[in-house]
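Student: One structure coming up, written as structure tokens, with questions to follow.
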Amino acid sequence: MMDLAELKAPDVDRFPVRRAAAGAPHDALSREILELKRHLNAVILAHNYQVPEIQDLADFVGDSLGLSQQAAQTQADVIVFCGVHFMAETAKILNPGKIVVLPDKDAGCSLEEACPAHKLRALQATNPNFYTIAYINCSAEVKALSDVICTSSNAVQIVRAAPPDRDLLFVPDENLGAWVMEQTGRPMTLWQGSCYVHIEWTHASIVRIRTEHPGAPLVAHPECTRAVRMLADEVCSTEKMVGFCKRTPAKTIIIATEAGMLHRLKRECPDKQFIAAPTENCRCNECKYMKLNTLEKLADCLSALEPRIELSDDLIARARLPIERMLEISARPIAAAA
Ligand code: 13P
Ligand code: SF4
């Protein structure tokens, strides 16, 4: 373990902060990032939607659950989170003593924006029997107001484990919530939020692509609308998509999720062909927040150890409990999770 005080002043002469637009060649930049990473005893965690060049040099690439499990276990002194803000916040909550940096501090999420803490508090006040399940795509304040956190990978397991005598309130994704209700049969009050990317696929755009590729299964993320989920052969988190695509005998698979996923899938299944499901009116299958992170900004944030995630001790303590509850339930064998 390094002394954190040493890390506050990285070797600025050896590793100068570059301007993000400088545009050094990718492999030179990648080598510099890896050298910095070793020097700082840092770990690079990247979400499946990150640009290919970031995925290719990360220590771990995965979905929100896998990334929080990695953050909970890491021995590194510095966590470089290549994803969006709520993901880096989760890593900080699980590692209050470590430095957590995010290449672009503006990497937000439309779901996080849809659920401000004060509005959630007001709704909770209307029913003291609410048991709040928060999708991990929310702020630390919202996590602190919740009983348990879930991701798209474990949402069904988390809802099945919820106390049977409580009224379930699911925030902030109404589409994921509706899908979990279909899977579990458990009624829930759903917060009216959505992912601005995943609601772009429509029944018509999916029917068109399925007609063009009649033998190809369709895999969709549960943040998609019901009209799209109904047409899918598999609805699952980004990590479970990798498992499905490896298992299926099909050689061509249609993918309805953010475009970055295709790079991960091509790496994992080089013998298969992946088709990005088209959205209705635009090429909107790229998350503008996820794509704010670039290799240049990653190099800059490792050099400067900024932008850093900072949260108060009180907020960390309150937000940590529901995250730890999620990690504990996720570690149970599926049959025992209820
Ligand atoms: P996953 O946890 O399935 O990777 O989803 C994260 C996300 O932000 C989907 O839009
Ligand atoms: Fe949020 Fe949607 Fe982007 Fe995922 S793809 S980070 S849910 S805006």
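Each reported figure results from applying straightforward, stated rules to the coordinates on display, with no laboratory input. Since the structure is predicted, the reported quantities are computational estimates derived from the model, not experimental observations. We place every Cβ from the backbone using ideal geometry, glycine too, and count neighbours over all the protein chains shown.
Student: If a residue has to be of a type in the set (A, V, I, L, M, F, W, C), more than 16 Å from ligand 1 (Cβ to nearest atom) and under 30 Å from Thr225 (Cβ atoms) to count, how many in segment 281-314 make the cut? Step through it out loud before you land on a result.
Tutor: Going residue by residue through segment 281-314, those that are of a type in the set (A, V, I, L, M, F, W, C) are 282, 284, 287, 290, 292, 295, 298-299, 301-302, 304-305, 309, 311.
In the following step, the residues that additionally are more than 16 Å from ligand 1 (Cβ to nearest atom) were identified as 282, 295, 298-299, 301-302, 304-305, 309, 311.
Filter once more, so that each one left must be under 30 Å from Thr225 (Cβ atoms): 282.
Total satisfying the criteria: 1.
Student: Based on this model, can you work out whether Pro249 counts as in contact with a Ser or Thr (Cβ under 6 Å, 6 or more places away or on another chain) and either more than 26 Å from Asp56 (Cβ to Cβ) or acidic (Asp, Glu) (or both)? First the steps, then the outcome.
Tutor: Values: in contact with a Ser or Thr (Cβ under 6 Å, 6 or more places away or on another chain): no; either more than 26 Å from Asp56 (Cβ to Cβ) or acidic (Asp, Glu) (or both): yes.
Criteria not met by Pro249.
Student: Here's something else I'd like to know. For a quick check of your reading of the model, give me the residue pairs whose first member lies in segment 293-318 and is among the acidic types (Asp, Glu), whose second is not in a loop (DSSP other than H, G, I, E, B), with beta-carbon atoms closer than 8 Å and at least 6 apart or on different chains.
Tutor: Glu296/Ala20; Glu296/Ala21; Glu296/Ala22; Glu296/Leu29; Asp300/Ala20; Glu306/Val101; Glu310/Lys92
Student: Counting only residues that are part of a loop (DSSP other than H, G, I, E, B), more than 16 Å from ligand 1 (Cβ to nearest atom) and in contact (Cβ under 8 Å) with a residue 60 or more places away in the chain, which one in segment 255-280 is nearest to Glu53 (Cα to Cα)? Reasoning before the result, please.
Tutor: Taking segment 255-280 first, the residues part of a loop (DSSP other than H, G, I, E, B) are 257-260, 269-272, 277-280.
Subset that is more than 16 Å from ligand 1 (Cβ to nearest atom): 269-272, 278, 280.
Then keep just the ones that are in contact (Cβ under 8 Å) with a residue 60 or more places away in the chain; that gives 278, 280.
On the way: Pro278: 24, Glu280: 28 Å.
Per the stated criteria, the residue is Pro278.
Student: Here is a follow-up. What helices (runs of 4 or more DSSP H) lie completely within segment 143-240 and have 3 or more residues being within 15 Å of ligand 2 (Cβ to nearest atom)? So that I can check it myself, show each step before the final result.
Tutor: On the way: elements: 155-160, 174-184, 203-212, 226-229.
The helices (runs of 4 or more DSSP H) meeting that bar are 174-184.
Student: Just wondering, is there one or more residues in segment 102-112 that are surrounded by 24 or more Cβ atoms within 10 Å (Cβ to Cβ), of a type outside the set (Lys, Arg) and away from ligand 1 (no atom under 13 Å from the Cβ)?
Tutor: yes
Student: While we're here: In segment 265-290, which residue that is under 19 Å from Val61 (Cα atoms) and more than 14 Å from ligand 2 (Cβ to nearest atom) is farthest from the chain's Cα centre (by Cα)?
Tutor: Pro270
Student: In segment 122-139, which residue that is more than 16 Å from ligand 1 (Cβ to nearest atom) and within 27 Å of Val197 (Cα to Cα) is farthest from the chain's Cα centre (by Cα)?
Tutor: Of segment 122-139, the ones more than 16 Å from ligand 1 (Cβ to nearest atom) are 122-132.
Still in the running and within 27 Å of Val197 (Cα to Cα): 123, 132.
Working: Leu123: 26, Thr132: 20 Å.
Checked segment 122-139; the qualifying residue farthest from the chain's Cα centre (by Cα) is Leu123.
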